[in-house]
Amino acid sequence: MTSAGDPGPTRPWVVLQHVEHEGPGAIADVLTAAGIEWRTVRLDRGEHLPAVGDLSGLVVMGGPMSVHDEDQYSWLVPERDLLGAAVTSGLPVLGICLGAQQMAAALGAEVTTGVEPEVGAGHITLTDSGRRDPVFGPEYRGLSGTTVPCVHWHQDTFTLPEGAVHLAATRTTPHQAFRVGSAAYGLQFHIEIDTDLATQWRPWLPDGVGLTDVEVAAVASAGRRILGRFVDVSIAAGRYST
């Protein structure tokens, strides 16, 4: 495997993880199935951020912290710098929940506290642009199928970065997903969940919030399709080849 235009050693994709229970889930399986070399950097364990020139793709996971908790988490600002550099460089980027908030902030958008928490199994509604998007659009099934199953676990939200394409919304959180360029996506919601990740999440969910096996299966099915198309789009964009 080689990065496009790079005859030297393979540069991996990197997954940035912030807490023990919010690992890559189905993202790991999708990257591996595509033949993509990848590794996890555990910022919660003090591991160092890579340089943008050492990456072929970047995935930034969620976490309970806020983008504004810079005094408590010294990696927040450097992570935003890396996200901004990765997007500017045209690398494939996927930010999920906190990762999407960090990505939005890195691109000049504002991150604020929403009117109420949004937690548990649910759906997002695709915008007109979302229905045409190569990653999300194939999930559109006509007027009765504008929604996509997901798991919500946030209260913070963001404005859209300048030039971003608005892809999805909910009543509580109008800005649920955006795309910048051809292969940089910020998702406020979670689609990476699988059975193992759901088991890790359940003890951390708020009282009264659960995830049934049926809900997990629905999100996992849609999530793998969406993540697979994200990888396909990333490869087609010419930034990474296997």
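None of the figures in this text is laboratory data; all of them are computed from the coordinates on show. The model shown is predicted, which means the values in this text are computed figures rather than measured ones. Methodologically, a virtual Cβ is constructed for each residue, glycine included, from the backbone with ideal geometry; neighbour enumeration extends over all protein chains shown.
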Based on DSSP, what percent of beta bridges with both residues in the chain are antiparallel, to the nearest 5?
60
How much length, in nm to one decimal, is gained on full extension between Ser221 and Asp69, taken as 0.36 nm per residue of separation minus their Cα-Cα distance?
51.3 nm
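Relative contact order of the chain: what whole-number percent is it, with Cα pairs under 8 angstrom and at least 6 residues apart?
Relative contact order comes out at 22 percent.
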How large is the Rg to Rh ratio of the stretch 57-124 when both quantities use alpha carbon positions and Rh follows Kirkwood?
0.98
For the chain, what does -39500 (n - 2.57) per DSSP helix run (n ≥ 4), summed and divided by total residues, give at 222 nm, in deg cm²/dmol to the nearest 500?
-8500 deg cm²/dmol
Taking θ = phi - 60°, what integer Hz values does the Karplus form 6.51 cos²θ - 1.76 cosθ + 1.60 yield along the stretch 75-86, in sequence order, with x for Gly and Pro?
7, 4, 5, x, 5, 4, 4, 5, 4, x, 5, 5
Taking the Cα atoms of the stretch 1-96, report the difference between the largest and smallest coordinate on each principal axis, in whole Å and largest first.
41, 26, 20
Percent relative contact order of the stretch 15-125, based on C-alpha pairs within less than 8 angstrom and at least six residues apart?
25
Taking a quarter of the surface of the Cα convex hull of the stretch 95-242, what do you get in nm²?
9.3
Can you work out ³J(HN,Hα) from phi for every residue in the stretch 62-74, in order, using Karplus 6.51 cos²θ - 1.76 cosθ + 1.60 and θ = phi - 60°, giving whole Hz and x for Gly and Pro?
x, x, x, 7, 9, 4, 8, 7, 5, 5, 8, 10, 5
Here FRET efficiency (C-beta to C-beta, Ala85 to Trp204, R₀ 22 Å, nearest 0.05) is 0.10
With a Förster radius of 30 Å, plug the Cβ-Cβ distance of His48 and Val165 into 1/(1 + (r/R0)^6) and report the FRET value to the nearest 0.05.
0.40
Long-range amide H partners of Arg11 with built H, under 5 Å
Ser3
DSSP loop GluC sites (Glu not before Pro) in the stretch 151-242 with at most 15 other Cβ atoms within 10 Å of their Cβ, which ones?
Glu162
At 0.36 nm per residue, and after removing the present C-alpha to C-alpha distance, how many nm does the segment from Val115 to Val214 gain when stretched out fully?
32.8 nm
Out of residues 5 or more away from Val60 or on other chains, whose amide H comes under 5 Å of its own, with H placed 1.01 Å from N in the peptide plane?
Leu16, Leu94, Gly95, Ile96
Please list, in chain and number order, the residues 5+ apart from Ala168 or on another chain whose amide H is under 5 Å from its amide H, with Hs placed from the backbone.
Thr127, Gln176, Ala177
Residue-ordered couplings for the stretch 111-121, obtained by feeding phi - 60° into the Karplus form 6.51 cos²θ - 1.76 cosθ + 1.60 and rounding to whole Hz (Gly and Pro as x), are 10, 9, 7, x, 5, 7, x, 10, 9, x, 5
